[in-house]
Amino acid sequence: MSANIRKIIVQIDETRQEMGQSINPPTRRAVAMAVIANPYAGRYSENLDELIAIGEELGALLGQKAVKALGIAPGEAQSYGKAAIVGEAGELEHAAAILHPKLGAPLRTAVEKGAALVPSAKKRGTLGTAIDVPLGHKDAAFVRSHFDAVEARVSDAPRANEIVVAVAVTDSGRPLPRIGGLQAHEIKGEDGLR
């Protein structure tokens with residue numbers, strides 16, 4: 001089953017200055033969001049295979065849109081994350097079905113590699129509900145400079161029978177990182193941790 005998509009929103013957050021310091025090149029975070037119909041809204045189902053398949057579809061679609069919005073090659077992506085907001089006629093497990101079983105593999109393809117766990121968040125909400133999409137380096141979870149989040153919000157979603165699905169991709173870490181730890185240039189990317 002293909003996702004029944006009402007709308008897609010893509011936005012870029014670009015930081016050029018922080019605490020009076022110039023950020024050059026700017027740090028950029030892209031968020032691609034899809035507002036989809038929830039095929040299980042208003043009813044319990046033991047089997048959530050439709051949402052699992054939709055997750056796989058959206059991992060590719062939204063991952064590619066985020067990378068394209070940044071204007072970078074897939075291998076230049078540095079961080080990623082995913083999130084979902086379920087409307088009131090759905091349940092939290094509907095977000096889990098989209099985000100966890102199959103969304104990650106096509107997202108990793110969209111950003112080239114992605115050895116690290118894709119950070120995620122989920123919640124229930126209504127029109128205009130915001131969610132912070134957690135971010136982490138795509139190849140090494142221990143890179144502190146890339147621990148971050150970006151807000152995702154759609155003013156007219158989710159309706160009761162909808163789900164907002166968000167994928168975030170960055171071309172950098174936080175502006176002015178200086179708390180130590182593993183540096184991006186030190187990544188081996190073999191185990192997803194270091």
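The values are calculated or read from the model by the stated rules, or taken from the named source; none is laboratory data. Because the structure is predicted, anything quoted here is derived from the model rather than measured. All Cβ positions, glycine included, derive from the backbone under ideal geometry; neighbour counts span all protein chains shown.
Within the range 129-185, the set of residues being in contact with a Lys or Arg (Cβ under 8 Å, 6 or more places away or on another chain), closer than 18 Å to Ala3 by Cβ and not aliphatic (A, V, I, L, M) comprises Glu162 only.
Scanning the range 92-114 for residues that are crowded, with 18+ Cβ neighbours inside 10 Å and over 14 Å from the mean Cα position of the chain (by Cα) yields His94, Ala97. Residues that are crowded, with 20+ Cβ neighbours inside 10 Å, within 14 Å of Lys102 (Cα to Cα) and not aliphatic (A, V, I, L, M) within the range 28-56 comprise just one, Gly55.
If you check Ala152, Ala160, which single one turns out to be buried (at least 22 other Cβ atoms within 10 Å of the Cβ) and at pLDDT 95 or above? Give the steps one after another, and end with the answer.
On the way: Ala160 fails: buried (at least 22 other Cβ atoms within 10 Å of the Cβ).
Selected residue: Ala152, the only one of Ala152, Ala160 that is buried (at least 22 other Cβ atoms within 10 Å of the Cβ) and at pLDDT 95 or above.
Among the residues of the range 102-124, the one identified as on the phi > 0 side of the Ramachandran plot and in contact with a strand residue (DSSP E or B) (Cβ under 7 Å, 6 or more places away or on another chain) is Gly114. Looking across the range 1-23, just one residue is at pLDDT below 95 and polar (S, T, N, Q), and that is Ser2. Filtering the range 121-140 to residues that are crowded, with 19+ Cβ neighbours inside 10 Å and farther than 19 Å from Asn161 by Cβ leaves Val133, Pro134, Leu135, Gly136, His137, Lys138, Asp139, Ala140. Residue check: Ala166 meets all listed conditions (1) part of a strand (DSSP E or B); (2) within 30 Å of Gly20 (Cα to Cα) but one, namely (2). I'm trying to understand the selection: among the residues of the range 58-101, which are closer than 29 Å to Pro175 by Cβ, among the β-branched types (Val, Ile, Thr) and not in a strand (DSSP E or B)? Val67, Ile72, listed by residue number. If the condition is being assigned to a strand (DSSP E or B) and closer than 30 Å to Arg194 by Cα, then the range 128-152 contributes Ile131, Asp132, Val133, Pro134, Leu135, Gly136, His137, Asp148, Ala149, Val150, Glu151, Ala152. The one condition from (1) within 22 Å of Gly90 (Cα to Cα); (2) aliphatic (A, V, I, L, M); (3) in contact with a Ser or Thr (Cβ under 7 Å, 6 or more places away or on another chain) that Ile36 does not meet is (3).
Just one of the listed residues (Arg153, Arg159, Arg174) is farther than 24 Å from Glu57 by Cβ and among the basic types (Lys, Arg), namely Arg174. Any residue in the range 153-162 that is of a type in the set (D, E, K, R) and not in a loop (DSSP other than H, G, I, E, B)? Within the range 153-162 (the criterion being of a type in the set (D, E, K, R) and not in a loop (DSSP other than H, G, I, E, B)), the answer is yes, since at least one residue qualifies.
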